[in-house]
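Scroll down for the structure; my scribbles are underneath it.
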Amino acid sequence: MLTCSVRCQRASRQLFASSSTNPFVQTRSYASQPKKGQVVKQASQGFKGKKGALPGQAEPAKKDKKMAFQPLPVSQLPHPLFESDRPDTLSLQSFHPEMLTRIVESQALKFPHNDNDPFRIFGLPRNILVEYRLLSKPCSVIRSVTIDAINKLDAASEKESWQSRVIFTGPQGCGKSFLLLQAMQYCNARDWLVLYIPRATSLVNSTTAHVYDMRTRTYLQPVFAYQTLQRFLKVNAPKLEQLRTQTDLEIERRPAVPADTPLVELINIGLKDQGLAPTVLSAVLEVIGKQTTFPMLLAIDDFQALYGKSHYRDQHFSAIKSYHLSMPRLLLEYASGRKSFARGAVFGALSMSNTTFPLPLELCEALSLEYDRPYGPYVKRSSELVKYTHRLEKLAVPNSLTIPEAASVFDVWMKDRAVPTKPNDELFLSKYSEASGNARAFVWKGLLSSIST
């Protein structure tokens, strides 16, 4: 018995020694007592473990999360391209209506820079917006067609707007949107009332709320009408303060607006209650249409979107016609001459690059344009759209820039250091030939493509 007990003690000592050196053998021990005031965290009771970690393997070191890019010091940026305090070399004359004659053709003029600029408040078409973000100053080149459009505006300042409904036509990228922007800036400088819609596609692409109105049997767009009133008031505030209503105006859910009410107060009614904005906007344009103190310009870009299909749907998920929406219908009534301003004009620009809202057949036939799809006498026409295209006048924008006009565009981008290569005649003629004189292709596929990677 003694020999057996000795053997058991020796075996237990060997087992204890082997368990202390072998990491895969667990040993039992008592936990140390926590100190007074020390918080003890409870260990998880599940079978979770570290991903990718083997037993006995040390945990990998944590990575530093400070991976943000830090700007280099000025001393390490000696190249002139990185100089932020360099003098501005793009010195241009200001866009002033009195100097817009045949003498300044093919010259680049900068638009005035202040808080009440119409294009800063109304917005810009997307392609012009991107170009102005690249340039240090918003500017444009005066073309011969610009002088033609200005002459039409001067003649329209003493006529009713139904006699001056001009649509700019031409191929994609020829400069129709820039021409409309120049006309709008000219009228604003001439103390016209200006309402500019830079993206008419926003009226029909189902991006704002709409609600059916039993009184007018149309779908109201209160959000867009509210934004239009707000921008129209901000741009034309000094002139609107001089105008008053001529008759009593009935507005639902509130007392009638009496005659001789300041027009600014009528606009504020729509700004205080967004649900009344479509009715107030229509009433404001009717009041402006009767007054003869200031001429009125209604400028619409993406004009063909008003005549195309709408993305809005009714409660049965059927497509809503564009002329059943309050905002497009209001613009169409002035564009077609059903409603008119006592003094003023309606200018529009077609967009050939938007394939979602192409030119409809009714508008092509009214403007004598080529239709890009097969058609004939048996193709159905919308009688409503045909009425809205009645006697529209087109002003064709040239397909390509002239050599002096393209040289002015080239000079603007070179002086603004937008192109890293050294300017020379070979570069200008090669880019002009590649673009076939097209204004947009000359800038984006010619000059700016040289810095793309």
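May I ask you to evaluate 6.51 cos²θ - 1.76 cosθ + 1.60, the Karplus curve with θ = phi - 60°, for each residue of segment 275-286 and list the ³J(HN,Hα) values in order in whole Hz, giving x for glycine and proline?
Calculated HN-Hα couplings, in order: x, 8, 4, x, 5, 5, 4, 5, 5, 5, 5, 5 Hz.
Mind checking Rg over Rh on segment 109-396, alpha carbons, Kirkwood formula for Rh?
Values: Rg = 18.6 Å, Rh = 19.6 Å.
Across segment 109-396, the Cα-based Rg/Rh ratio is 0.95.
So what's the projected area for segment 223-299, the Cα convex hull averaged over all directions, in nm²? Write out the running numbers ahead of the final one.
Numbers: hull surface 19.0 nm².
Its average projected convex-hull area is 4.8 nm².
Counting only residues 5 or more places away or on other chains, whose amide H sits under 5 Å from the amide H of LEU243 once H atoms are built in the peptide plane?
LEU263
Collect residues whose amide H, placed 1.01 Å from N in the peptide plane, falls under 5 Å from the amide H of LEU249; neighbours closer than 5 in sequence don't count.
Those qualifying (amide H under 5 Å, at least 5 residues apart or on another chain) are VAL257.
Tell me, MET296, MET327 in order of fewest to most beta-carbon neighbours within 10 Å?
Values: MET296 25, MET327 28.
The fewest-first ordering by Cβ neighbours comes to MET296, MET327.
Which order do LEU427, LEU447 fall in if you start with the one that has the fewest other Cβ atoms within 10 Å?
On the way: LEU427 17, LEU447 23.
In increasing order of surrounding Cβ atoms, one gets LEU427, LEU447.
Report, in listed order, any pair from LYS321/LYS445; LYS159/LYS309; LYS152/LYS339; LYS137/LYS321 with a Cα-Cα distance greater than 31 Å.
On the way: LYS321/LYS445 37 Å; LYS159/LYS309 33 Å; LYS152/LYS339 20 Å; LYS137/LYS321 40 Å.
Table pairs above 31 Å Cα-Cα are LYS321/LYS445; LYS159/LYS309; LYS137/LYS321.
What length, rounded to one decimal in nm, is gained on full extension from ASN399 through to ALA256, with 0.36 nm per residue of separation minus their alpha-carbon distance?
Values: separation 143, 0.36 × 143 = 51.48 nm, distance 5.19 nm.
Roughly 46.3 nm would be gained on extension.
Need the C-alpha centroid separation for segment 258-272 versus segment 305-333, integer Å.
Between the Cα centre of segment 258-272 and that of segment 305-333, the gap is 28 Å.
When a footprinting reagent is the concern and you count Cβ atoms within 10 Å, what order do MET99, MET184, MET214, MET414 take, fewest first?
Placing the least packed residue first, the sequence is MET214, MET99, MET414, MET184.
Name the long-range amide H neighbours of LEU395: under 5 Å, sequence gap of 5 or more, or other chain; modelled H, no Pro or chain starts.
ILE167, PHE168, THR169
All of the numbers you see were taken from the coordinates with simple rules; none came from a lab. Treat the numbers as computed from the prediction; the structure is a model and nothing was measured. Cβ: placed from backbone, ideal geometry, glycine included. Neighbour counts: every protein chain shown.
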